[in-house]
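In what follows, a single structure is set out as structure tokens and then discussed.
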Amino acid sequence: MNLRAEFLTTVFLLQAVASLANSTPALIAFVSDAFEQSIRTLYLVNLPRWSVFDQLHKLPFPKILFDGNRSIGQLDQSRLVLMYVNLTDVGGSYLLYSLDYGNTSITVKAQLNFEQTYTYRRMFINHQLLIHVQALISFPYTFDNRRAALDGIDVVLFSHLFYYLRWDWREVKVTGASAKQMLYVSIDRLLSGTVDLMITRRIADAPFLPTIAVPELIRFCLVVPRKSSMEFFNNLFQPFSTDLWTLIGCVSFLLYGVKLLGEGDTKAGTLLRTLTHASPLHRFAQIVLSFGEFILIECYLVRVTSLLLVHRFQPEPETLAQFFATDIPMHMLSSHLAFVHQLAPDVTAAILARAVLVDGLDRTSLTHAYLDSVDRATYTIAVLQSTDPTSGRKASYILPETVSSFPAAYMVARTAAPLRDCLALHLDWMRAFGFRRLMDRLFDNLLEADVRRVAIMEDLVQLEHMVPLLILLSFGWVISGVVFGGERMLYSTQQAVRARQRR
């Protein structure tokens, strides 16, 4: 006969065997040790006719007497129940109880020692358990890798834990037409007890199921598209202000007019040639003009080069208020509506005002923003989005101000409360000894490996990377053509003037 003890409420149904006289000292010591720990009330059930009852009744602890026909009611963790069960085929003093680990129920035979059987030490049981787990697609916690195998932070975490506990685990696939339907299927399995544990951490929104709290919050953000298009030809006029361009144009026109006048056979031209021919004034003017031309050309080239190599973009939104002040639309799944309605009223109204419901999110969209977790958005932008060849930036970015943060938890089957306590304690130990940092490094290594693979492809020189060079070359060719055309026009004008003078 087995007596059941709920692991969650830590209620022990102690077994007194036929040889009570031999087990009385151990039993008295057990009760005394229990009251020194956390027990506050002693229940004596159907014991008055046994000799051990007198010694238990004399103990200076609060106690309640029950006969065999009266219910002891609902118990909690502060009560210790002692009852007599006739087991004439076994002897000694021990505890015999069963634990429900979801689909597996095990029988534990423990020594009559409160420290070994009532505290966390009762979790060290020598049984090879088979745990049935399920997982949802939620990067980077659980997802299918390139080999179509289950992978992720939570998968690695529980794999190490199950290996340490010497437990076997088996994944039960979750199928469904949509993410919402798959979630309903997984919760139904936990309620029915066909699955013991969901190893994918989720927002703690299932109060009807036992859960294991996760100290790390799940942060949600907005992924916003960037406007990285640049007008290169505008950069050619940006180095100088409008006033300076006007001054340069006027001076150039004036010098060109003086040159034409000096080369003509008019009286003004003859006078100008006489004043400037082999005179110190002519040399001084040439030196000043050459120096000014050199300064202007060098300043212009430096400014144009810096503008072409280092782009200047319009300020990007950094807060939710700044984002909502723009006209950037959003894509949103219908399954996100319940999440959006949990946000602040003004944020909910602003999101719904610009949201467009779609069947699937385009995580590489150049026109629409969308909601996502910070971890998944980081991976998506780093790996799935390409770098703009002209600006050197990703097509989207994570809005620095997060939308909201929610506590996360692992959901456990309703019949697997002992399993929940055992896993919760060991997960806390793993975090205390820094194993959680190893999970962070695994995610960073995964991200770096994929980013390195993408960067190798993006580092190859492509035609788009030659745009600034082609613009500079084209600008040089255009200037050379204009100068050549001006010289040809000047030469033709001079020839025409000389021809008219000969006549």
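Every read-out reported here was derived from the displayed coordinates using simple, explicitly stated rules and does not represent laboratory data. All figures in this text were calculated on a predicted structure; none of them were measured in a lab. All Cβ positions, glycine included, derive from the backbone under ideal geometry; neighbour counts span all protein chains shown.
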| field | Those lysines that a straight Cα-Cα span of less than 28 Å connects to Lys267, excepting residues fewer than 8 apart in one chain | value | Lys259
| note | Each label sits 7 Å from Cα toward the beta-carbon; between Asp440 and Gln286 the label points are separated, in nm, by 7.1
| field | Within straight-line cross-link reach of Lys180, lysines at Cα separation under 18 Å, skipping those fewer than 8 residues along the same chain | value | none
| Taking the Cα-to-Cβ direction at Asp67 and at Ser241 and moving 7 Å from each Cα, how far apart do the two end points lie in nm? | 10.7
| query | Mind checking which lysines have their C-alpha under 21 Å from Lys394, skipping anything on the same chain fewer than 8 residues away? | reply | Lys227
| field | Estimated FRET transfer efficiency when R0 is 41 angstrom, pair Ser32-Ala213 (beta carbons, to 0.05) | value | 0.75
